[in-house]
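The values are calculated or read from the model by the stated rules, or taken from the named source; none is laboratory data. Values in this document were obtained by computation on a predicted structure and should not be read as measured data. Glycine gets a Cβ as well: all are built from the backbone with ideal geometry, and neighbour counts include every protein chain shown.
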Amino acid sequence: MIFIEILDLLGTFVFAVSGIRLAATKDMDWFGAYVIGLVTAIGGGTTRDLLLNVTPFWMEDPTYLIVTGVALLSIIIFRSRLLKMGITIFLFDTIGLGLFTVTGISKSLALGLPMWTSIVMGTITGTIGGVVRDIIINEVPLLFRKDIYAIACIAGGLVYFLCYQFEILSPFQELIAAIVVVATRLIAVKFHLQLPKLDLVSTGKNSKPSK
């Protein structure tokens, strides 16, 4: 469980960084950026815990609020270095997606839930924070666009299931599943892999009837 807690905190940090960096593009002040970073970091886990009928994790441990503050200070202090390194919002978001997916699955399994439910909870943990963030800053949530996003979480969850079935020991099963999530997302972006767009017009639904 200590390893899962470490992954959870790492996921909190990188998701907070992605949220804060995105907030910076909207000309927000430090407090606004902190709030966006916090929502990004805890939104998915909060939704998961509410669905599981348990107290949201951050309400029992202030560490997550502190880690978000550390993420804000890190960007303020090292922003020029981060820009020179070319570390993008996308990279932080992708890493956070992988880490939070496996922590969501692990925590759900620990509560005795079946694997398919745990995969759903892992997907929610990885994606909902970004959805709430995008809604607040008036962006179309990435989850609802053509990008391979939630599908990457599901792919990682299925690999987690296989590792679980073959009794691969922790922390290897979590690491493998997280790597699959990150790799799936990176490959999809690299090769422009996308889900088909829902286009009802092309089906002729809205076209004029023939005479």
State which residue pairs qualify: first residue among the hydrophobic types (A, V, I, L, M, F, W, C) and inside the range 189-206, second residue at pLDDT 80 or above and assigned to a loop (DSSP other than H, G, I, E, B) in any location, beta carbons under 9 Å apart, and separation of 6 or more residues or different chains. VAL189/ILE148; LEU193/ILE148; LEU195/ILE148
Which residue is surrounded by the most Cβ atoms within 10 Å (Cβ to Cβ), if the candidates are limited to the range 115-146 and must be part of a helix (DSSP H, G or I) and of a type in the set (D, E, K, R)? ARG133
Between ILE95, ILE20, ILE4, ILE36, which is touching a Ser or Thr at 6+ places or on another chain (Cβ under 9 Å), β-branched (Val, Ile, Thr) and crowded, with 24+ Cβ neighbours inside 10 Å? ILE20
All but one of (1) surrounded by fewer than 16 Cβ atoms within 10 Å (Cβ to Cβ); (2) in contact (Cβ under 8 Å) with a residue 40 or more places away in the chain; (3) assigned to a loop (DSSP other than H, G, I, E, B) hold for PHE90; state the number of the condition that does not hold. (3)
Would a scan of the range 165-177 turn up a residue that is at pLDDT 95 or above, touching a Gly at 6+ places or on another chain (Cβ under 9 Å), in a helix (DSSP H, G or I) and of a type in the set (Val, Ile, Thr)? yes
Determine which single condition GLY112 fails, assuming it passes every other condition in (1) part of a helix (DSSP H, G or I); (2) without any contact (Cβ under 8 Å) to a residue 12 or more places away in the chain. (1)
When you look at GLY112, is it over 16 Å from the mean Cα position of the chain (by Cα) and among the small types (Gly, Ala, Ser), yes or no? yes
Which of the numbered conditions does ARG48 fail, given that it passes all the others? Conditions: (1) buried (at least 23 other Cβ atoms within 10 Å of the Cβ); (2) outside any helix (DSSP H, G or I); (3) basic (Lys, Arg). (2)
